Amino acid sequence: MAKFAALIPGVSVCAAVVAAAVLANSLLPIDLVGTALLSLLLGMLLNPLVSRWEFCNPGISWTSRWVLRGGIILTGVTLSLAQVLQAGRYALLLMAFTLSTAFGVGYICRRLLKIDWKLSSLLSVSTAICGGTAVATVGPVIKAQERDIAYALSATFIFDLMTVVAFPWFGTLLGLSDTSFGLWVGTAVNDTSSVIAAGYAFSDPAGSLATIVKLTRTLFIVPIVLVFAWIHARRTPENGDQAQSRVRIAKIFPWFVLGFLAVVGIRSSGVLSETQVGTTAHLAKLLLAAALGAIGMKTSFREVAGVGAKPMIAGVVIDTAVVIVSLFAQAAILSFVG
């Protein structure tokens with residue numbers, strides 16, 4: 001009971017941010033940025049103030065993690081199994097291009113800029129898989145220094161901040177369809193929260209598709225972590241390091257993806273009415289907005305201060321390469337399939 005009570009202040013602040021974002025979005029003449037992105041930006045603006053309120057930290061952290069996953073799971077109510085399978089097929093084709101680009105360009109940057117292999121690997125895996133989650137998961141497996149993990153997280157944050165704001169406008173400028181934009185954002189933007197914010201800022205269909213594609217990428221964290229555990233063991237053959245490099249698949253597997261697929265299955269079964277589907281979809285968007293607001297309140301611009309130039313350059317180069325390759329690859333795939 002005490003733990004639950006400790007969550008109330010932070011959760012209440014997140015709810016207030018969502019309410020403010022909904023109100024602000026309703027006052028705009030058009031749905032320019034969306035409730036999710038407004039929540040993220042409002043949260044970041046509140047960071048200097050909220051960071052002083054330690055009693056809010058438990059609830060904000062809980063919202064940024066568990067409410068985000070709950071929102072993703074409920075998002076499945078807007079999709080059918082046929083859509084998921086089709087999008088997953090596109091995502092796998094696109095990932096053949098983006099994975100090779102992220103790790104290939106990362107290797108080149110490592111050699112040219114003389115960056116430690118662990119740091120360059122974190123930058124690559126952040127772009128290729130799922131942003132900060134991938135960095136936080138792979139970093140301890142390869143025994144990366146805290147400084148390297150901070151660099152990679154900072155690079156991810158800066159790129160995601162730019163893409164969340166810029167991608168919807170670029171998509172409109174390029175005249176992309178909902179499908180094209182969803183595939184592009186789902187494979188080119190890093191963190192799940194940023195994919196959701198950018199996708200739904202463009203349109204609801206694009207946001208749903210981008211979420212599916214991003215979840216497909218997220219599933220690859222398991223084999224990627226196992227590969228890096230093996231690489232680290234090869235580079236540090238001491239028995240102690242080998243033992244510490246073992247990975248528990250059950251611990252790193254993104255279990256919320258199964259919940260998402262379960263909700264998709266419920267929707268596909270036809271047991272829900274259109275009213276129930278609409279209500280659940282609206283709740284999912286509010287939960288996602290609350291989580292983004294919490295993530296914004298946990299993000300300080302000071303966290304990226306003092307980051308070295310070379311790692312940031314490498315991060316920008318890797319991310320930009322993936323953005324360009326993903327844009328052209330999705331266009332080629334849709335043209336071939338269509």
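Each value in this text was obtained by applying a stated rule to the coordinates, not by laboratory testing. Because the structure is a prediction, the values reported are computed rather than measured. We place every Cβ from the backbone using ideal geometry, glycine too, and count neighbours over all the protein chains shown.
Details
- Gap separating the Cα centres of the stretch 32-75 and the stretch 178-233, nearest whole Å: 20 Å
- The residues packed around ASN57, meaning those with a beta-carbon under 15 Å from its beta-carbon, carry a net charge of +3 if Lys and Arg are +1 and Asp and Glu are -1.
- Relative contact order [Cα under 8 Å, 6+ residues apart], the chain, whole percent: 35 percent
- Reachable lysines, given that their alpha-carbon falls under 16 Å from the alpha-carbon of LYS114 and they are not under 8 places away in the same chain: LYS310
- With at most 12 neighbouring Cβ atoms within 10 Å, loop trypsin sites (Lys or Arg not before Pro) (DSSP) excluded, longest segment of the chain: 115-245
- 3J(HN,Hα) along the stretch 326-331: 5, 4, 6, 5, 5, 5 Hz, from the Karplus curve 6.51 cos²θ - 1.76 cosθ + 1.60 with θ = phi - 60°, whole Hz, x for Gly and Pro.
- Restricting the chymotrypsin sites (Phe, Trp or Tyr not before Pro) of the stretch 40-113 to loop positions (DSSP other than H, G, I, E, B) with no more than 15 neighbouring Cβ atoms within 10 Å leaves TRP53.
- Rounded to the nearest 20, the size of the Cβ-charge dipole of the stretch 2-337 about its Cα centre is 840 debye, with Lys and Arg at +1 and Asp and Glu at -1.
- From phi via Karplus (6.51, -1.76, 1.60), per-residue ³J(HN,Hα) for the stretch 181-196 in Hz, x at Gly/Pro: 5, x, 5, 5, 5, x, 9, 10, 8, 7, 5, 4, 4, 6, 4, 4
- Rounded to whole Å, sorted largest first: equivalent-ellipsoid semi-axes of the stretch 2-337, Cα gyration tensor: 30, 24, 21
- Each other residue within a Cβ distance under 14 Å of ILE72 adds +1 if Lys or Arg and -1 if Asp or Glu, for a net charge of +4.
- In order through the stretch 224-235: 3J(HN,Hα) via Karplus (6.51 cos²θ - 1.76 cosθ + 1.60), integer Hz, x for Gly, Pro: 5, 5, 5, 5, 5, 4, 5, 4, 5, 5, 5, 7
- Each label point was placed 7 Å from the Cα along the Cα-to-Cβ direction; for LEU112 and GLU274 their separation is 5.4 nm.
- The residue list ALA16, PHE336, ALA233 was ranked by how far each Cα lies along the charge dipole of the chain toward its positive end, using unit charges on Cβ atoms, and ALA233 comes out on top.
- Other residues lying with their Cβ under 13 Å from the Cβ of LEU215 contribute a combined charge of +2, Lys and Arg counting +1, Asp and Glu -1.
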